[in-house]
Each structure stands twice: as C-alpha cells, then as structure tokens.
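A.B. asks: Structure below; questions to follow.
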Amino acid sequence: MAGHVLRAQDLWKSYDGRTDVLQGLDLSVSPGESVLVWGENGSGKTTLLSLLGALDRPDRGSVTVGSRETTGLKERELARIRLLDIGFVFQTHHLIDDLTVEENVALPLRLAKRPEGARVGELLEVFGLTKLASRRPGEISVGESQRVAVARALANGPKLLLADEPTASLDPKGTAAVLEALRLARTTFGTAEVVATHDAEVREIATQEYLLEEGVLRPRSG
C-alpha cells in the first residue's frame, strides 16, 4: 500500500435491502493522480464518493486514506480526517453567503485552529481569486464560486480531493475554469483527485478512468 493516498478494497453497499449499489469495488489512487469515475445518474457515483470520503460506511470492505483505515473509526476521528486529510467539492459550491470569498476559503483553517493569512493568500493567488477576495458569493459567477470551492477544499492541505459532478451546472467558460482549478490542485499541490462525472470535458484532466455500471467498477479506455 506504500505510496497510495487512497485504497478501497472490496467495497459493498446497499440501501433498504435492495440490490447492491456497489459490488466489491477496488480502487487505489496515488499522489498527483486524477481518477475519473464515469457513470449515469443513479449509478452509485455519489455513494462511492461518500464511502471514500468517510461520510458513510460500507456494508463490507475497507477504505484507507493515507495510512489510516477509516471504516472502523469513531465519528470524532472521522470528522478530523474529513477536515484535515480530505477535501470535498460538490455539484453546487455550498459557499456561505454571508462570508466573503476570502472568509469562505479560510473557514477550514479556522475550524482546524490553524493560521489563515499566508495559506489563504496563496490559494487566492493560485486560483486567480485575489481580486474577488472581498466579494460575497452572490456577487460572483457560478464558475468563480466553484473555483472558490476548490480553493476552500484545499485550505488544510488535504492528501485527497473528492469532486462530485463539479461541472454539471456550469457553462463552457465556467467548466474550463473549474477544470483548470482541478488541474492546479494536482500539479501545484500534488493532491490526489477522484472526480465523479458524466461530462466528457472532464477527460482532459484524467490520469486514470473507470466506469461504474450496475454496481461494478471497471477501467475505461477510449
């Protein structure tokens, strides 16, 4: 397992006793990799990300982030891992409307009781947000808001970034900006990424691709 940021082994998950949503999934991700998980709506992509991000527990199998196997940990320990070791980007940005761009980016650092100034300044500069620092989410575009969400997800320097359909609600300009932000997360900060999508434009950032279909994850090519 040496060198892996994430390793999932034999993951199974079902809801309400129905057909298994996930059936024996295995996935390994190394530093600086960008892994795309393709699948139609309802294929289980969000369920998979929830298990990888310690937001939910599998029925069977294990998830290891860095050197820690998360599936047996208590909720307090999981919350700490989610805050420090995993960044999340969702289909909608989930920024706090009453906070400025700068304050939204700083929020994970504040929750972790870490210094904010230098790290927030670096993230705003890398993602081209410095001029927007004093604005609030309602004063910037949806694409800019998603870039802020990526910057916020990286505030505590997580090993792993999980993105669930991050371009689904964006126009081509916004999509391009978010893909560039994800590329920068990988190339500038060395963050490993797992991106769930059915948007063909996202392929340009991928280092590996998988198809999730009928509960089974398979490598995708072509």
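The values are calculated or read from the model by the stated rules, or taken from the named source; none is laboratory data. No experiment lies behind these values; they were computed from the predicted model shown. Please note: Cβ atoms are built from the backbone with ideal geometry, for glycine as well, and neighbour counts cover all protein chains shown. To get the accessible areas, we keep the full protein, side chains included, count just its heavy atoms, and leave off ligands, DNA and RNA. Shrake-Rupley method; radii C 1.70, N 1.55, O 1.52, S 1.80 Å.
A.B. asks: Restricting to the stretch 108-125, and then to whatever is surrounded by fewer than 17 Cβ atoms within 10 Å (Cβ to Cβ) and in contact (Cβ under 8 Å) with a residue 40 or more places away in the chain, can you tell me which residue is farthest from Val194 (Cα to Cα)?
C.D. replies: Looking at the filtered set, the residue picked out is Arg114.
A.B. asks: OK, next. Report every pair of residues separated by at least 6 positions or lying on different chains whose Cβ atoms are under 6 Å apart, first residue within the stretch 44-65 and on the phi > 0 side of the Ramachandran plot, second part of a strand (DSSP E or B) and open to solvent by less than 10 Å² (accessible area, probe 1.4 Å).
C.D. replies: Gly44/Leu22; Gly44/Leu212; Gly61/Leu11
A.B. asks: Just wondering, is there one or more residues in the stretch 92-105 that are in contact (Cβ under 8 Å) with a residue 60 or more places away in the chain and either closer than 27 Å to Thr197 by Cβ or out of contact with any Ser or Thr (no Cβ under 7 Å at 6 or more places or on another chain) (or both)?
C.D. replies: For the stretch 92-105, residues in contact (Cβ under 8 Å) with a residue 60 or more places away in the chain and either closer than 27 Å to Thr197 by Cβ or out of contact with any Ser or Thr (no Cβ under 7 Å at 6 or more places or on another chain) (or both): present.
A.B. asks: Which residue pairs have Cβ atoms under 6 Å apart, sit 6 or more places apart or on different chains, and have a first residue in the stretch 206-222 that is of a type in the set (Val, Ile, Thr) and a second that is surrounded by 14 or more Cβ atoms within 10 Å (Cβ to Cβ) and part of a strand (DSSP E or B)?
C.D. replies: So the pair list comes out as Thr207/Ser34; Val216/Gln23.
A.B. asks: Okay, next question. Among the strands (runs of 3 or more DSSP E) contained in the stretch 116-222, which hold 2 or more residues that are over 19 Å from Val101 (Cβ atoms) and touching a Pro at 6+ places or on another chain (Cβ under 9 Å)?
C.D. replies: Strands (runs of 3 or more DSSP E) meeting the threshold: 192-197, 208-213.
A.B. asks: Additional query: All but one of (1) at pLDDT 95 or above; (2) farther than 14 Å from Leu154 by Cα; (3) open to solvent by less than 80 Å² (accessible area, probe 1.4 Å) hold for Ile86; which doesn't?
C.D. replies: With (1) at pLDDT 95 or above; (2) farther than 14 Å from Leu154 by Cα; (3) open to solvent by less than 80 Å² (accessible area, probe 1.4 Å) applied to Ile86, the lone miss is (2).
A.B. asks: Let me ask another. Look through the stretch 48-83, keep the residues that are charged (D, E, K, R) and assigned to a helix (DSSP H, G or I), and return whichever of them is most open to solvent (accessible area, probe 1.4 Å).
C.D. replies: Taking the candidates together, the pick is Arg76.
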